[in-house]
Amino acid sequence: MIFITGDTHGQFDSVKTFCERFETTKKDILIILGDVGINYYGNKRDIKLKEELSNLPITLFCIKGNHENYAGNISSYREFDYMGGKVFIEQEYPNLIFAKDGEVYNINGKKTIVIGGAYSVDKHYRLSMGYKWFSDEQPSEKTKKYVEGQLERENWEVDVVLSHTCPVSYEPIEWFLSFVDQDTVDKSTEKWLDAIEKRLTYKKWYCGHFHGEKTHNKLEFMFNTIKEFR
């Protein structure tokens, strides 16, 4: 079985409960739509979490968020072929798989493209408090060109899009934080995704990032709920 959920931010109690309830095995896959929280601290705290998750009876397929380091930047990760695309895996934790931005995967027979990253609206707060912030949290121009090239090769038609944030025209303004001045928010990634969404033929689009759940047309925002990937 293949399942999907939103941001976990290093908190996996609900995932553990889910695995126990449904008696999953490592042959089952849980897609996490970014801000997984596995590569955040860059120290022993990450290692401890990875060791715990390596014992989970499920395989995690993780999308890049904005509150974590990209696995492709970390020297302990190696690139492997997986479900028709490239992924990053550490040898010690083979069930913790990180998607490569722009790759097109065959997930349960569905042609699926992954587009990670977003802008952190709490960037300045995080910097002032000495918290982690990652300068490459948003897709680079190189990544954008790669994504567009991949879609061009697919004739701009896929079954599913997995992204962290959403196209700007789908932004859930009712969930915006009242104390954040939206004029200070960099929405270049969302605007770029909007251009892609308008051009792309697809059946379903999943995203996380906004810590809420709703469906609008073919796009579904996910957070705490774990459901079957369709």
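So here's what we get for this one:
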quantity: Search result, residues across region 32-70 that are hydrophobic (A, V, I, L, M, F, W, C) and touching an Asp or Glu at 6+ places or on another chain (Cβ under 8 Å); calculated: ILE32, LEU33, VAL36, ILE38, ILE58
quantity: THR189 among the β-branched types (Val, Ile, Thr), farther than 24 Å from ASN108 by Cβ and touching a Pro at 6+ places or on another chain (Cβ under 9 Å); calculated: yes
quantity: Filtered residue count, region 25-56, keeping only those that are β-branched (Val, Ile, Thr) and open to solvent by 10 Å² or more (accessible area, probe 1.4 Å); calculated: 3
quantity: All strands (runs of 3 or more DSSP E) inside region 114-230 with 3 or more residues being at pLDDT 95 or above and surrounded by 14 or more Cβ atoms within 10 Å (Cβ to Cβ); calculated: 160-163, 204-207, 219-221
quantity: Neighbours by Cβ (under 9 Å, 6+ apart or cross-chain): first from region 184-208, closer than 18 Å to LYS145 by Cβ and without any contact (Cβ under 8 Å) to a residue 24 or more places away in the chain; second aliphatic (A, V, I, L, M) and assigned to a strand (DSSP E or B); calculated: none
quantity: Tabulated pairs, region 105-130, first closer than 20 Å to GLY37 by Cα and without any contact (Cβ under 8 Å) to a residue 12 or more places away in the chain, second among the charged types (D, E, K, R) and open to solvent by 80 Å² or more (accessible area, probe 1.4 Å), C-beta under 9 angstrom, 6+ apart or interchain; calculated: ARG126/LYS132
quantity: Hey, TYR93 open to solvent by 10 Å² or more (accessible area, probe 1.4 Å), closer than 16 Å to ASP35 by Cβ and not in a helix (DSSP H, G or I) or not; calculated: no
quantity: One residue from LYS44, LYS86 being out of contact with any Lys or Arg (no Cβ under 8 Å at 6 or more places or on another chain) and charged (D, E, K, R); calculated: LYS44
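The values are calculated or read from the model by the stated rules, or taken from the named source; none is laboratory data. Only a predicted model underlies this, so the values are computations on that prediction, with no experimental measurement involved. No Cβ is skipped: glycine too gets one built from the backbone with ideal geometry, and neighbour counts run over all protein chains shown. Areas reflect the complete protein model, heavy atoms only, side chains present, ligands, DNA and RNA absent. Shrake-Rupley method; radii C 1.70, N 1.55, O 1.52, S 1.80 Å.
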